[in-house]
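Only one structure is covered here, and it is reproduced in the block below.
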Amino acid sequence: MNNSTYAREHICLMVDVFMRQEKIDGPMSRWQPWRWVLDAVQVSDLAPPPELDLKRWLPSDLPAPRLVSQNDDGQRWCFAGFPVVLFRDDAEGYFLNGTTPDPCWFVMWRMEEEATVADEPVARPQAVSLSYHDAGRWLDSQETVEQLPAPAAVIEEMMAFAQAHYTPEPKKRLRPDSFVPLKDRFGQPAKVTTSKMRGGGHHG
């Protein structure tokens with residue numbers, strides 16, 4: 001990605017998502033011995049496709065998931081080739097992510113209903129985004145969303161894109177809806193002073 005790409009409709013990079021199955025300790029393990037968590041998101045070695053129709057793209061279009069490791073403590077799976085797309089009309093979402101203390105990847109994942117690649121169902125990522133708004137929409141839809149810090153180089157590119165397409169509105173001082181003129185005990189307009197009162201009292 002370079003400066004000439006910022007005017008495009010979107011910028012696409014590919015990432016690999018790693019999901020980890022881990023043991024649950026303690027009393028809860030009686031009912032649920034395992035749980036799945038987002039383990040890592042890495043920029044992929046796969047090149048972005050020349051054209052990407054997101055309206056028709058499905059997670060099933062990805063390469064087959066790969067079992068990276070397995071032992072008594074659980075499994076680790078790699079789901080390679082997820083597209084991460086930046087849209088001009090969602091530049092605010094990227095700006096909001098980039099201006100948080102910890103800019104991150106947002107990953108939405110679901111458990112398989114039936115086992116397809118292992119003896120038991122595995123957790124499958126469904127989408128990866130850098131947009132704060134995408135994460136909010138997924139959470140509103142009761143989806144499982146996890147986040148991990150994104151690399152500085154990715155955040156730099158994201159913010160350059162966001163700043164090219166989004167200008168934050170200046171903050172306005174809003175008048176409270178319940179505002180009513182102050183009156184004294186006689187019903188006359190009260191005078192407000194910003195000078196300090198003697199004796200440690202509060203000013204009006």
Subject >> Considering residues of segment 67-97 that are surrounded by 13 or more Cβ atoms within 10 Å (Cβ to Cβ) and polar (S, T, N, Q) only, the residue nearest to the chain's Cα centre (by Cα) >> reply: Asn97
Original post:
What is the one condition in (1) modelled with pLDDT under 95; (2) part of a strand (DSSP E or B) that Trp105 does not satisfy?
Top reply: (1)
**OP:** Considering only segment 133-151, state which residues are in contact (Cβ under 8 Å) with a residue 40 or more places away in the chain and not small (Gly, Ala, Ser).
**Re:** His133, Asp134, Glu146, Gln147, Leu148, Pro149, Pro151
**OP:** Return a yes/no flag: does segment 122-129 have any residue that is touching a strand residue (DSSP E or B) at 6+ places or on another chain (Cβ under 9 Å), within 30 Å of Gln163 (Cβ to Cβ), without any contact (Cβ under 8 Å) to a residue 60 or more places away in the chain and crowded, with 20+ Cβ neighbours inside 10 Å.
**Re:** yes
Original post:
What residue, of Ser131, Ser141, is under 13 Å from the mean Cα position of the chain (by Cα) and small (Gly, Ala, Ser)?
Top reply: Ser131
**OP:** Take segment 108-120 and flag every residue that is surrounded by 12 or more Cβ atoms within 10 Å (Cβ to Cβ) and not in a loop (DSSP other than H, G, I, E, B).
**Re:** Met108, Trp109, Arg110
**OP:** Could you grab the pairs with beta carbons closer than 7 Å, sequence gap of 6+ or different chains, first residue in segment 46-64 and within 19 Å of Phe87 (Cβ to Cβ), second one assigned to a loop (DSSP other than H, G, I, E, B) and small (Gly, Ala, Ser)?
**Re:** none
Original post:
For segment 88-100, does any single residue satisfy the condition of being under 16 Å from Gln42 (Cα atoms) and at pLDDT 95 or above?
Top reply: no
**OP:** Enumerate the pairs (first residue in segment 14-28 and at pLDDT below 85; second residue anywhere and surrounded by 14 or more Cβ atoms within 10 Å (Cβ to Cβ) and not in a loop (DSSP other than H, G, I, E, B)) with beta-carbon separation below 6 Å, excluding pairs fewer than 6 apart on the same chain, so at least 6 apart or on different chains.
**Re:** Ile24/Arg35
Original post:
Of the conditions (1) of a type in the set (Val, Ile, Thr); (2) under 20 Å from Pro65 (Cβ atoms); (3) part of a loop (DSSP other than H, G, I, E, B), Val145 fails just one. Which one is it?
Top reply: (3)
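The values are calculated or read from the model by the stated rules, or taken from the named source; none is laboratory data. All of these numbers come straight from a predicted model, not from anything done at the bench. With ideal geometry, Cβ positions are generated from the backbone for all residues, glycine too; neighbour counts draw on all protein chains shown.
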